[in-house]
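This report refers to the structure that appears directly beneath it.
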Amino acid sequence: MRSLIKETHVLDLQRRMEAVELLKLLKERYTYEELHDLTGLPITVLNRYVKGHVLPSRNRAEELFKLFNEKFSLEEEIVRRIRFDERGYFDNTALLSDTLLLRLIAKVVAGKFSNEEVTAVFTAAVDGIPIAAHVANVLDARLVYAKREREVGIDKFIEETYIPSFSGMIMTLYVPKNALSPKDNVLIVDDIIRTGETQKALFKMAEKAGSKIVGIFFMVSIGEKWRQTVEIPEDCKLEILVRLPEPGEQAEET
């Protein structure tokens, strides 16, 4: 009985803490005055929540969750943090550096793959690591990431070589041979997929390890060309939060 009460208390505390995190995300878009108008709460109270000085009650937390669902779009926040230049190259620094947003995304992703019994979250260094680390943490899975160089002190690797489009260079990814095993259920995670070449290499590396790929998650996909490169098994669950056209495609269509 005591353990049940303790578990209920922990879950209640987590819920209230999550409400504060969501309020912090809203604070990035709204002033305290605007949040006061939306919630009816005094600015001093809102400030204490945002600063972490006090937690809202359970009822108030649920009200904040409702407000968040009405006023916050995860997809819009992701798009807002990606910038393309005139040549079509993108800067996702603002997205990868926002740990609060990444934690929220990780919780959404974990909910989608909660039934897949994921044991390892697999990505490529370096941009895939921030979101993969958050997802692995929520799923209580290992984080495994492939590097572009052999690491000193490790004797055996799984490696995969490919040629990125238009680069004229040969690229090789390495992961320690014992990092993945046939016992693993692997979730492949990456921040952005565009050509699909890096993700295809991750697929092949997991297959070489004998692991089962149970899911794939990308925060953003750009265009559709990657679908010609990455062959996704029918029994493998694919989740993408934001789908963007290649720069210029939308303008040409209109």
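Quick note: the coordinates plus some simple rules give every number you see, no bench work behind them. Treat the numbers as computed from the prediction; the structure is a model and nothing was measured. A quick note on method: Cβ atoms are made from the backbone with ideal geometry, for glycine too, and the neighbour counts reach across all protein chains shown.
Using a Gaussian network model of the chain with C-alpha springs under 10 Å, which one of Asp127, Asp191, Asp235 is most mobile by mean-square fluctuation? Residue with maximal mean-square fluctuation among Asp127, Asp191, Asp235: Asp235. Of all the options Gly111, Gly40, Gly223, the one that moves most in a Gaussian network model of the chain with Cα springs shorter than 10 angstrom is Gly40. Please label the shape of the chain as rounded, prolate or oblate, based on the square roots a ≥ b ≥ c of the eigenvalues of the alpha-carbon gyration tensor (a/c under 1.5 means rounded; beyond that, a/b larger than b/c means prolate, else oblate). In terms of gyration-tensor shape, oblate.
Per residue, the chain reaches -13000 deg cm²/dmol at 222 nm when only DSSP H runs of four or more residues are counted, each adding -39500 (n - 2.57).
For the stretch 217-250, applying the loop criterion from DSSP together with a ceiling of 15 other beta carbons within 10 Å to the GluC sites (Glu not before Pro) yields Glu224, Glu231, Glu234. Would you work out if the stretch 128-211 is rounded, prolate or oblate? Take a ≥ b ≥ c from the square roots of the eigenvalues of the alpha-carbon gyration tensor; rounded if a/c is under 1.5, else prolate when a/b is larger than b/c, oblate otherwise. Since a/c reaches 1.5 but b/c is at least a/b, the shape of the stretch 128-211 is classed as oblate. Does the stretch 152-254 come out rounded, prolate or oblate, given a ≥ b ≥ c as the square roots of the eigenvalues of its C-alpha gyration tensor, rounded meaning a/c under 1.5 and, failing that, prolate meaning a/b above b/c? The shape class here is oblate. Summarised in one figure, the compactness ratio Rg/Rh of the stretch 205-249, Cα atoms and Kirkwood Rh, is 1.04. Please work out the C-alpha center-to-center distance from the stretch 140-202 to the stretch 215-231 and express it in whole Å. Going from one Cα centre to the other spans 16 Å.
Relative to the current alpha-carbon distance between Lys71 and Ser167, full extension at 0.36 nm per residue lengthens the span by 30.4 nm. Within the chain, antiparallel bridges make up roughly 30 percent of the DSSP beta bridges whose residues both belong there.
Averaged over residues, the count of other Cβ atoms within 10 Å places the peptides 83-95, 136-148 in the sequence 136-148, 83-95, highest first. Suppose R0 equals 30 Å; then what is the FRET efficiency for Arg80 and Glu116 from their Cβ-Cβ distance, rounded to the nearest 0.05? After rounding, the FRET efficiency stands at 0.50.
A DSSP coil position with no more than 13 other Cβ atoms inside 10 Å describes the following trypsin sites (Lys or Arg not before Pro) in the stretch 179-213: Lys183.
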